[in-house]
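The values are calculated or read from the model by the stated rules, or taken from the named source; none is laboratory data. Since we're looking at a predicted model, the values are computed, not measured. Neighbour counts run over all protein chains shown; Cβ positions are idealised from the backbone, glycine included. To get the accessible areas, we keep the full protein, side chains included, count just its heavy atoms, and leave off ligands, DNA and RNA. Shrake-Rupley method; radii C 1.70, N 1.55, O 1.52, S 1.80 Å.
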Amino acid sequence: MKRIAILGSTGSIGTQTLDIVRNNAEALKVEALAAGGNVALMEEQIREFRPRVAVMWSEEAARELRIRVADCQVQVLQGMEGLLEIAVMPEVQVLVTAIVGMIGIRPTIAAIQAGKDIALANKETLVCAGHIIMPLAKEHGVSILPVDSEHSAIFQSLNGEPAGKISRILLTASGGPFRGRTKEQLTGIQPEDALKHPNWTMGRKITIDSSTLVNKGLEVMEAKWLFDVEPSQIQVVVHPQSIIHSMVEYIDGAVIAQLGVPDMKLPIQYALFYPDRREMHNNRVDFFSLGSVTFEEPDTETFPGLKLAYQALEQGGSLPTVYNAANERAVALFLERRIGYLHIPELIQRCMEHHTVIENPNVEQILTTEQSVYDYIKGLD
């Protein structure tokens, strides 16, 4: 029996992780759950999965949850203090970090120091603190198991191969809903247009990020730290069918790829049971219906968010944090209809140009940088 905790249990990755637990009840046990403010769904999850501990981000949400689950044997905690307590629970073997935002960094560090393996779905952890996380994981002998479909594909394609033989990582991208459009055609894009992803069902922010290719930029940053490669060794390949989830080219020219239907449950389950594989139903590729797969170069002129990500990664230090924080705020403003779609990468670039880079930032400096970006954007209103 593998015992897990889930940070972000009411979100897209969290609910799919619980689907996997539901289908593997004899092999997985949920010891703790954490969420933002969805008290009703958290109550349902507590009643079904019976965790020891549940955490809500706000005190108000935690207070309401305590009332709702007063008849359950669960301890309800609140805020960062609660997340940190979950991270070091002695009963937990694997921490699933599916929570959104910088708040995932400190619990991940605490879990690593406590010897827990990390099933990683929180982008900010490596984008902003990869220089801290990866050496720490090595020091404590814990595994960072990628949950993103692309990074899971790379991880699987590296299985059994000797270290240091990578020539390139070929990171695939669907191209999003606006692939092939010109900048002029994107001028009047509204949030409801950008939220229609052709292949994947995801949360609102990541769906917008996919449409701007910023999500792929964040994945490039993650890949650099996960697989210890240079930015120049990571090539983004647009693959509209989303069947090849990513590939690894080796020094002899061989390319190994992982294929599968677009379903996040596969990489989540692989991370939870690694190195084992368990049966999954209804997730088979029908190659005859598929017919063909195609590849294109990303259009970084129309979608400059990807190019900006490479710039931030090359310069390093605190600049990836600026990229991430600026995008987070820009997407929120776009969803609130306060800025246009094309203003998202423009705002990221403006914040990057304004920032004075901190080399090798610690956690406090990372969090301070994030806040300084928010303050700068607020001052632009």
Practice prompt. Collect residues whose amide H, placed 1.01 Å from N in the peptide plane, falls under 5 Å from the amide H of residue 145; neighbours closer than 5 in sequence don't count.
Written response: 118, 119, 120
Item to complete: Determine the dipole magnitude for region 247-381: charges of +1 sit on the beta-carbon of Lys and Arg, -1 on that of Asp and Glu, nothing else is charged, the reference point is the Cα centre, and the result goes in debye to the nearest 20.
Response: 440
Response to the item:
With label points set 7 Å from each Cα along the Cα-to-Cβ direction at residue 337 and residue 362, the distance between them in nm comes to 4.6
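Give a quick list of trypsin sites (Lys or Arg not before Pro) in region 308-381 that DSSP marks as loop, anything other than H, G, I, E or B, with at most 16 other Cβ atoms within 10 Å. The partial results should precede the final answer.
Numbers: sites: 329, 337, 338, 350, 378; in loops: 337, 338.
Taking region 308-381 and a limit of 16 other Cβ atoms within 10 Å, the loop trypsin sites (Lys or Arg not before Pro) found are 337, 338.
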Worksheet, complete the sentence: In a Gaussian network model of the chain with springs linking alpha carbons closer than 10 Å, the residue among 308, 259, 319 that fluctuates most is 259
Worksheet item: Tell me, what % of the accessible area of region 1-147 is carbon and sulfur with a 1.4 angstrom probe?
Response: 48
Worksheet item: If you plug each phi of region 88-96 into the Karplus form 6.51 cos²θ - 1.76 cosθ + 1.60 with θ = phi - 60°, what whole-Hz ³J(HN,Hα) values come out, in order, with x for Gly and Pro?
Response: 10, 4, x, 6, 8, 9, 10, 9, 8
Response to the item:
The answer for residue 75, listing residues at least 5 apart or on another chain whose modeled amide H is closer than 5 Å to its amide H, is 53, 54
Discussion item. Checking the table 196/307; 2/138; 265/307; 205/378; 29/205 against a 25 Å threshold on Cα-Cα, which pairs fail?
Written reply: 265/307; 29/205
Item to complete: Compute the Cα gyration tensor for region 1-113, then decide on rounded, prolate or oblate, letting a ≥ b ≥ c be the square roots of its eigenvalues: rounded whenever a/c is under 1.5, prolate when a/b is larger than b/c in the other cases, and oblate in all that remain.
Response: rounded
Item to complete: Run the numbers on region 262-359 and let me know its relative contact order in percent, using alpha-carbon pairs under 8 Å that are six or more apart.
Response: 23
Item to complete: Find, among the GluC sites (Glu not before Pro) in region 289-319, those assigned to loop by DSSP (not H, G, I, E, B) with at most 15 other beta-carbon atoms within 10 angstrom.
Response: 301
Worksheet entry | DSSP-defined antiparallel bridges as percent of all bridges, the chain, nearest 5 | 25
Fill in: Using θ = phi - 60° and Karplus 6.51 cos²θ - 1.76 cosθ + 1.60, couplings along region 301-309 (whole Hz; Gly, Pro as x)
7, 6, 10, x, x, 5, 4, 5, 5
Discussion item. I'd like the trypsin sites (Lys or Arg not before Pro) in region 248-308 restricted to DSSP loop residues with at most 15 other Cβ atoms within 10 Å, sorted by number.
Written reply: 277, 278, 284
Worksheet item: Of the residues 358, 46, 133, which exhibits the maximal mean-square fluctuation in a Gaussian network model of the chain defined by a 10 Å Cα contact cut-off?
Response: 358
Worksheet item: Which whole-number percentage describes the relative contact order of the chain, with Cα contacts under 8 Å and a sequence gap of 6 or more?
Response: 14
Worksheet, complete the sentence: The rounded separation in angstrom of the Cα centers of region 303-381 and region 86-152 is 23
Practice prompt. For residue 193 and residue 72, calculate 0.36 nm times their separation in residues minus their Cα-Cα distance, and state this gained length in nm to one decimal.
Written response: 39.3 nm
Item to complete: Counting only heavy atoms of the protein chains, get the accessible area per residue of region 105-193 (1.4 Å probe) and round it to a whole Å² value.
Response: 37
